[in-house]
Amino acid sequence: MTTSSSSDRSTGSADQGRIDPSASLGAETFRRPIPDLTDVAGERSAWRRLADVWDFRWLLVDLVKRELRVRYKGSALGFAWTLLNPLLYLVVFSIVFRELLRVQVPRFGLFLLCGLLVWNFVAGSLNGAAGSIVNNRSVVLKVWFPREVLPLASVGAALVNLVLQGIVLAGGLLVLRNAPDWSRLPWLFAAVGVLVVLCAGLGILVAALNVAFRDVEHLLEVILLAWFWLSAIVYPYASVSDRLGEREWLAAANPALPSVVTFQRVVYHPPDTEILVQREAELAAFRAAGDPCVDAGTCALTPSVLGEIDDRWMATRLGFVGALGLASIGAGLTVFARREREFGEQL
Amino acid sequence: MSDAAVIVEGVSKWFKLGSTGATSLKQRLVTDRRREDEGFWALKDIDLTVEAGETFGLLGHNGSGKSTLLKCIARTLTPTSGSIMAAGRVAALLELGAGFHPDLTGRENVRLNGSILGMQPAEVDARMDDIFEFAEIPAFADVPVRHYSSGMFARLGFAVAVNLEPDVLLVDEVLAVGDEVFQRKCIGEVRRFQREGRTIVFVSHSADLIRATCDRAAVLDHGRLMMVGEPPAAIRTLRDLYLGRGEHLADDLRRPEVLVQRASARITGVRIDEIDGRTWRRPGEPLVIEVGVEIDDELRDDVVVAMEMHDAEGRRLMGVNSHLLGVTPPAATGRHTALFEFDRIPLLGGVYHLSFGLHDPDVSTSFDHRDQKDTLRIENNTPQEGLVDLSPTIRWFKGN
């Protein structure tokens, strides 16, 4: 079969009408080495899937670039929006919380920016991931590549944004002459690292679910809204942990919170010693006035911002998020594998 | 068997009816569970082996499952059961320009497209110039794709896919895209792939395309594999299927549109004889056109050589072929010469375009053609004006 047809074929270029030298010489078809057969329809293990993603890491890089490049195409300010966005939030929230609700946090803007940065990463990657496969249906329906790359690219784009907004934050630190807690700087990487793993897992999960149930995207919006208010971004964590007391771990079970608080702890670096001095002074004033609240312990004192956040707290809480993140990757890949079989029909 | 490029084993694909797009939770909750079971087998127990280096056609009417099977091989659909093995890099030309983003430049899109197909940036960059050369739009490399014409878009898509050097190329009716010149270029590329011994799986409902390009073909009907064999036998099976069902025969099953040529007979050259060392003519002079033909397929004793003449405005002045004149070619392979002899050319001045073709008597397969590459110049030395040399005389006398 192959030989009879190859003689036929070697004489091609009929469309040119000119004499093809190789044709008149009867050039032999050269035999290509035949690559090994690989299964293209079967199940792939989670490891195989991760290996495939690694093989397509360039695609991941290109998709991140595309997402960043395309997002602000045609807008006058372009890339500046990435940086303007948190600043605008900052203005609005500062007015509402400081001026109207009178949240007692010194340097509120800086405090807010720390949490907002982390939150923007979580919300950005999950929102992006949820629509990633549906929005890229034209590619998904025509070419095979490990589809997990799509939600991962959303996480990657959000990570780049986090870094850029981090530059804004660093600028803010300079302007306000607020020194971060230099010795604890490495904790920031841990805080981002565990969150990347978590968002990657959750992103893969929501991306796959959203193909079958487009409600997921809308449900996610609601969940993210609730999650935002539960994450001690606009209010000091101490006001929660004080109230929870022994059950403080309950609040820290929110997987976004440890990273938020770590950022606040390290970058915002709350002037808790100043506050302690201030509290002593206030307490002395109450005592001098003979206020009964001194004995009852109910005096209205300037609250501490974060409470006791030490290395141990960060290690255990971030460790927990990391473990949760790995579990979410496993769960995400499993669900993804199951749902992926029907992408072709459901898109 | 070790030379297989694609092995399809017991592949079935179940398509759910109705619920295929059931994409909201509410719908999922409200929909009657039993309705979920309604559906149909788009593919049922397909077993196929495509040998490395062969061009394999998938034939069938709309809904026969041929495109579904191609998508399963391309991995954009997952079969419900069965296994598919493929050797090396599989690239699908399911639709050209898949994944192009309108806001990105051509170059950025090509890079992205390359990585979608699993290439490394360096690999893509090395081929970047070739790709834009091939697509004939080197000047547009840094222009956002949204400013491309649809033809440019399709050309770039095709250029990326063929420059990828896949081991197995899946083609689904894409050759219908673009203008005729580019189509021919695409076909040339497909031929290059064939020469290089790459495997091609072709989906088409064009019997002619399958006959002209494929080594073997499979016929699918309602998701079942009817037969695998040589293209003529496959086309017969398909025809019988249509006839047996009393369906209207597709045009190309009766008189296929000539799209692709099988290279088993070629025009090797065209020469116009000389008079006094010149190839141009004066009105009324004789003309002999020599067409070199090479036939390397013994079965090609039904080759017809044809000629057409057009004037500068594209009007066809004459068309003729050996079949119409009752001339049969010598039944031998190798070099032939066909002489078109004209006693006198009754044309006045002008440049006339000559086209030549080789095809079979009912024009269902074209082997080669040479369109308007040759010209015949005629210099008018007569006192007449216009197109045709009618050699009139005038007699003038008094009275009536």
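The values are calculated or read from the model by the stated rules, or taken from the named source; none is laboratory data. This structure is a prediction, so every number in the text was calculated from the model and none was measured. Glycine gets a Cβ as well: all are built from the backbone with ideal geometry, and neighbour counts include every protein chain shown. Note: areas computed on protein heavy atoms with side chains; ligands, DNA, RNA excluded. Shrake-Rupley method; radii C 1.70, N 1.55, O 1.52, S 1.80 Å.
Conditions tested, residue by residue: (1) part of a helix (DSSP H, G or I); (2) of a type outside the set (S, T, N, Q); (3) touching a strand residue (DSSP E or B) at 6+ places or on another chain (Cβ under 9 Å); (4) at pLDDT below 80.
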| site | (1), (2), (3), (4) |
| --- | --- |
| B:1 | no, yes, yes, yes |
| B:6 | no, yes, yes, no |
| B:14 | no, yes, yes, no |
| B:34 | yes, yes, no, yes |
| B:43 | no, yes, yes, no |
| B:47 | no, yes, yes, no |
| B:57 | no, yes, yes, no |
| B:64 | no, no, yes, no |
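Looking for something polar (S, T, N, Q), touching a residue at least 24 places away in the same chain (Cβ under 8 Å) and outside any loop (DSSP other than H, G, I, E, B) - is there at least one such residue anywhere in the range A:173-190? So far as the range A:173-190 goes, no, none of its residues is polar (S, T, N, Q), touching a residue at least 24 places away in the same chain (Cβ under 8 Å) and outside any loop (DSSP other than H, G, I, E, B).
If you go through the range B:143-157 and pick out every residue that is open to solvent by less than 40 Å² (accessible area, probe 1.4 Å) and of a type in the set (Lys, Arg), you end up with 1. For the range A:129-144, a tally of residues being surrounded by fewer than 23 Cβ atoms within 10 Å (Cβ to Cβ) and either within 12 Å of chain B (Cβ to nearest Cβ) or more than 23 Å from the chain's Cα centre (by Cα) (or both) returns 10. Based on what the data block shows, is residue B:132 more than 8 Å from chain A (Cβ to nearest Cβ), open to solvent by less than 40 Å² (accessible area, probe 1.4 Å), in contact (Cβ under 8 Å) with a residue 24 or more places away in the chain and not in a helix (DSSP H, G or I)? When the stated conditions are applied, residue B:132 does not pass them. Of a type in the set (Asp, Glu), more than 9 Å from every other protein chain (Cβ to nearest Cβ) and more than 25 Å from the chain's Cα centre (by Cα): is that true of residue B:103 in this structure? For residue B:103, the condition - of a type in the set (Asp, Glu), more than 9 Å from every other protein chain (Cβ to nearest Cβ) and more than 25 Å from the chain's Cα centre (by Cα) - is not met. Selection of the range A:40-60 for residues being more than 7 Å from chain B (Cβ to nearest Cβ), in contact (Cβ under 8 Å) with a residue 24 or more places away in the chain and of a type in the set (A, V, I, L, M) yields A:46, A:50, A:53, A:60. The residues of the range A:307-347 that are of a type in the set (Gly, Ala, Ser) and within 14 Å of chain B (Cβ to nearest Cβ), listed by number, are A:337, A:344. Just one residue in the set A:155, A:103 is touching a residue at least 12 places away in the same chain (Cβ under 8 Å) and not in a helix (DSSP H, G or I); that residue is A:103.
Residue-wise test of (1) free of Cβ contacts under 8 Å to residues at least 24 places away in the same chain; (2) in contact with a helix residue (DSSP H, G or I) (Cβ under 6 Å, 6 or more places away or on another chain); (3) surrounded by fewer than 24 Cβ atoms within 10 Å (Cβ to Cβ).
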site	(1), (2), (3)
B:53	no, yes, no
B:63	no, no, yes
B:72	no, no, no
B:102	no, yes, yes
B:110	no, yes, no
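Among the residues making up the range B:180-218, those that are modelled with pLDDT under 80, outside any helix (DSSP H, G or I) and surrounded by 20 or more Cβ atoms within 10 Å (Cβ to Cβ) are B:204, B:206. When the residues of the range A:75-124 are filtered to those that are of a type outside the set (A, V, I, L, M) and at pLDDT 85 or above, the one that is farthest from residue A:164 (Cα to Cα) is A:111. Which residue out of B:311, B:343 is over 22 Å from residue B:264 (Cα atoms) and touching a residue at least 60 places away in the same chain (Cβ under 8 Å)? Going through B:311, B:343 in turn, the sole match is B:311. Just one of the listed residues (B:111, B:155) is in a helix (DSSP H, G or I), within 14 Å of another protein chain (Cβ to nearest Cβ) and either under 29 Å from residue B:213 (Cα atoms) or of a type in the set (Lys, Arg) (or both), namely B:111. For the range A:231-242, state whether one or more residues are part of a helix (DSSP H, G or I), out of contact with any His (no Cβ under 7 Å at 6 or more places or on another chain), surrounded by 16 or more Cβ atoms within 10 Å (Cβ to Cβ) and among the charged types (D, E, K, R). For the range A:231-242, residues part of a helix (DSSP H, G or I), out of contact with any His (no Cβ under 7 Å at 6 or more places or on another chain), surrounded by 16 or more Cβ atoms within 10 Å (Cβ to Cβ) and among the charged types (D, E, K, R): absent. Looking at the range B:234-246, I want the residues that are closer than 20 Å to residue B:56 by Cβ and have a partner that is among the basic types (Lys, Arg) with Cβ atoms under 7 Å, at least 6 apart or on another chain. Which pairs are those? Pairs found: B:235/B:211. Here the condition is being away from chain B (no Cβ under 14 Å) and surrounded by fewer than 19 Cβ atoms within 10 Å (Cβ to Cβ); of A:217, A:221, it holds for A:221 alone.
Only residues that are within 17 Å of residue B:309 (Cα to Cα), surrounded by fewer than 17 Cβ atoms within 10 Å (Cβ to Cβ) and of a type in the set (D, E, K, R): list them for the range B:263-281, please. Within the range B:263-281, B:271, B:273 meet the criteria. The residue that is most open to solvent (accessible area, probe 1.4 Å), among those in the range B:74-92 that are within 20 Å of residue B:41 (Cβ to Cβ) and either more than 7 Å from chain A (Cβ to nearest Cβ) or part of a strand (DSSP E or B) (or both), is B:80.
Just name the residue that is surrounded by the fewest Cβ atoms within 10 Å (Cβ to Cβ) out of those in the range A:246-260 that are among the hydrophobic types (A, V, I, L, M, F, W, C) and assigned to a loop (DSSP other than H, G, I, E, B). Within the range A:246-260, the match that is surrounded by the fewest Cβ atoms within 10 Å (Cβ to Cβ) is A:253.
Could you tell me which residue of the range B:319-353 is nearest to residue B:272 (Cα to Cα), considering only residues that are touching an Asp or Glu at 6+ places or on another chain (Cβ under 8 Å) and polar (S, T, N, Q)? Going through the qualifying residues, I end up with B:337. When the range B:358-400 is limited to residues that are open to solvent by 60 Å² or more (accessible area, probe 1.4 Å) and closer than 17 Å to residue B:292 by Cβ, the one that is farthest from the other protein chains (Cβ to nearest Cβ) turns out to be B:371. Would you be able to say whether some residue in the range B:336-357 is open to solvent by 60 Å² or more (accessible area, probe 1.4 Å), assigned to a loop (DSSP other than H, G, I, E, B) and closer than 25 Å to residue B:390 by Cα? Yes; the residues of the range B:336-357 include at least one that is open to solvent by 60 Å² or more (accessible area, probe 1.4 Å), assigned to a loop (DSSP other than H, G, I, E, B) and closer than 25 Å to residue B:390 by Cα. The one condition from (1) within 12 Å of another protein chain (Cβ to nearest Cβ); (2) touching a residue at least 12 places away in the same chain (Cβ under 8 Å) that residue A:72 does not meet is (2).
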